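Scroll down for the structure; my scribbles are underneath it.
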Amino acid sequence: MTAELASIIDFIRYGASRFSAAGLTFGHSHDNPIDEATHLVLASLHLPPDIPPAYGAGRLTVAERASVLELIERRVTERQPVAYLVGETWFAGLKFKSDRRALVPRSPIAELIESGFAPWLDDRQIERALDLCTGSGCIGIALAEYNPDWQVDIADISAEALTLARENIAFQHVEGRVEAIQSDLFAALQGCRYDLIVANPPYVTEDEYAALPGEYRHEPKLGLTSGADGLDLCLRLLAEAGDHLTDDGLLIVEVGESEHALAALLPTVPFVWIEFKVGAMGVFALERRELIEHAAAIRHAAAARRAA
Ligand SMILES: C[S@@+](CC[C@H](N)C(=O)[O-])C[C@H]1O[C@@H](n2cnc3c(N)ncnc32)[C@H](O)[C@@H]1O
């Protein structure tokens, strides 16, 4: 077979065919087999994702053919996300190291970072921002890359995830502007206040987790699930965030499919569900003053959960 497949395009086409025939799930960096195979082939050849199309005709060496074919087979048999197999992925136009220490970056919050959070931050002066539940560090590091005058803290409860996040801080050369802190939500951030808090906490329900395809089993469960309805961590975060935002501070949180459960649980809280290019993605914005105004209802919902 290695004789039949010669060019970069050949291997991308072959990989995409193998992935489709195997019925793989494309829920991580990509949503289709061709993009998935393109990522695998180009990254394993140490080529950027935007090489001119003419390079697609370039032929692989014998050693390159063997290693690309091995990765294609591992993607099919092990069901590992392609980012883990090649050790890297792209988020908000930036390259990040990716492995099993943290979830593969894929948050729609990338679109907000790339657009400067318009219109959410239009008249705000941001000096300090926090990426809570940072995982690989992708959101916080991208915040710092796109906003060179911001000081950004990134926090996660997982020591393993933070070792990867620190590698990504060095990889993106944002040392000095991004600090990684191990913290159970805000526990290690006492006294810290931020103009912007962005969070992508775990929000998958236990039932959803049980039904997830094999690809997700390679990711840390700590980064995915959060109680029966996926909202345990989000409610704690909502109850505590007001104490860590400046007066005009803004909170942006991704809850995905748990959006409906959250809106039903806290019907009086004026969550603004952000529209993305593809529509709503379960990401809300909330002002600090709204958090304070509705603190009693939020604390009540969070406490009821702790007591249950
Ligand atoms: C959905 S992942 C998000 C990772 C990253 N922000 C991203 O967008 O790819 C959720 C992260 O929350 C972290 N986490 C879970 N429980 C936490 C807690 N109590 N306090 C802080 N972080 C927590 C997990 O370790 C995981 O890295």
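Read the figures in this text as sums done on the coordinates, not as results from a lab. Bear in mind that the values here come from a model prediction, so they are computed numbers and not experimental data. We place every Cβ from the backbone using ideal geometry, glycine too, and count neighbours over all the protein chains shown.
For region 38-160, I need the span (max minus min coordinate) of the C-alpha atoms along each principal axis, in Å, sorted largest to smallest.
Largest to smallest, the principal-axis extents are 55, 36, 19 Å.
Evaluated at 20 °C with a viscosity of 1.002 mPa s, what Stokes-Einstein diffusion coefficient in µm²/s does region 8-86 have when Rh comes from the Kirkwood expression over alpha-carbon pairs?
173
Taking a ≥ b ≥ c as the square roots of the eigenvalues of the Cα gyration tensor of region 92-307, is the shape rounded (a/c under 1.5), prolate (a/b larger than b/c) or oblate?
rounded
Does region 246-308 classify as rounded, prolate or oblate by the C-alpha gyration tensor (a ≥ b ≥ c root eigenvalues; a/c under 1.5 gives rounded; else a/b over b/c gives prolate, otherwise oblate)?
Taking the square roots of the gyration eigenvalues as a ≥ b ≥ c, region 246-308 is oblate.
Got the relative contact order for the chain handy, in percent, Cα pairs under 8 Å and 6 or more residues apart?
13 percent.
Under the definition of Cα pairs under 8 Å and six or more residues apart, what whole-number percent is the relative contact order of region 174-289?
In percent, rounded to a whole number, it is 28.
Which of rounded, prolate or oblate describes region 1-50 when judged by the alpha-carbon gyration tensor and an a/c cut-off of 1.5?
The shape class here is oblate.
Order these by the 10 Å Cβ neighbour count, fewest first: Thr268, Thr205.
Least crowded to most crowded, the residues run Thr268, Thr205.
Return the long-range amide H neighbours of Phe276 (sequence gap of 5 or more, or a different chain), with a cut-off of under 5 Å between placed amide H atoms.
Met281
If the elastic network links every pair of Cα atoms under 10 Å, which of Gln125, Gln172, Gln80 fluctuates the most in the Gaussian network model of the chain?
Gln125
Using the alpha-carbon atoms, what tilt in degrees (0 to 90, nearest 10) does helix 62-78 show relative to the longest principal axis of the chain?
The two axes meet at around 50 degrees.
Using Cα atoms only, what is the angle between the long axis of helix 232-241 and the major principal axis of the chain, expressed in degrees (0 to 90) to the nearest 10?
Roughly 50 degrees, rounded to the nearest 10.
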